[in-house]
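First up is the structure itself, then whatever we jot down about it.
The values are calculated or read from the model by the stated rules, or taken from the named source; none is laboratory data. Bear in mind the structure is a predicted one, so any value in this text is a computation, not a measurement. Note: ideal-geometry Cβ built from the backbone for every residue, glycine included; neighbour counts use all protein chains shown.
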């Protein structure tokens, strides 16, 4: 059985400078970020990692932190940074509609993304859109926008997955919807 040696630091802390237009509130386990574009909430749970807002800075810290707590601090820091950026400017994914064999009809109605006539199918493929995501179609391009980076990425991935077919040679049958630009 291997011997595990755990090293601990006295205090590990990270800071995020908050813009004046952004307000962050910590109500464990929820972190609520409000800004000019709206409000984003996320549940961040770790009993040994503490978070607080003070003097226009968001502070994440852990006393006697192990490698695991350092990992959680980095993860929480990335989530909060994305939330602060999202309430200032929305994250956007772009997708391209490619239909070479059959003309696809793509539309958005009543929080549903609908693909009709994909490879001549009679039954439309439908994806239910989550709250907080905007999907717009302009010609053969689709734009997915949201304040939550994870939600925008998951929706774009689900749209791409909606038109995936595994039984065909992808070099010949390139019909489908594909992500062309990811949010940065």
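From the residues in segment 41-62 that are within 24 Å of the chain's Cα centre (by Cα) and in a loop (DSSP other than H, G, I, E, B), which one is surrounded by the most Cβ atoms within 10 Å (Cβ to Cβ)? Out of the qualifying residues, it is 49.
Scanning segment 75-93 turns up at least one residue that is under 17 Å from residue 161 (Cβ atoms) and modelled with pLDDT of 95 or more. Of the listed requirements (1) more than 30 Å from residue 180 (Cα to Cα); (2) touching a residue at least 24 places away in the same chain (Cβ under 8 Å); (3) touching a strand residue (DSSP E or B) at 6+ places or on another chain (Cβ under 7 Å); (4) surrounded by 15 or more Cβ atoms within 10 Å (Cβ to Cβ), residue 72 misses just one: (3). Would you say residue 31 is in contact (Cβ under 8 Å) with a residue 40 or more places away in the chain, crowded, with 17+ Cβ neighbours inside 10 Å, in contact with a strand residue (DSSP E or B) (Cβ under 9 Å, 6 or more places away or on another chain) and not assigned by TED's automatic domain parsing to the domain that holds residue 16? Against the criterion (in contact (Cβ under 8 Å) with a residue 40 or more places away in the chain, crowded, with 17+ Cβ neighbours inside 10 Å, in contact with a strand residue (DSSP E or B) (Cβ under 9 Å, 6 or more places away or on another chain) and not assigned by TED's automatic domain parsing to the domain that holds residue 16), residue 31 does not qualify. When restricted to residues that are farther than 25 Å from residue 37 by Cα, touching a helix residue (DSSP H, G or I) at 6+ places or on another chain (Cβ under 9 Å) and at pLDDT 95 or above, segment 107-151 contains 5. Regarding residue 46, is this residue in contact with a helix residue (DSSP H, G or I) (Cβ under 6 Å, 6 or more places away or on another chain) and without any contact (Cβ under 8 Å) to a residue 40 or more places away in the chain? Yes: the conditions hold for residue 46.
With a requirement of 2 or more residues that are assigned by TED's automatic domain parsing to the domain that holds residue 27, in contact with a strand residue (DSSP E or B) (Cβ under 7 Å, 6 or more places away or on another chain) and without any contact (Cβ under 8 Å) to a residue 40 or more places away in the chain, none of the strands (runs of 3 or more DSSP E) lying completely within segment 80-184 satisfies it.
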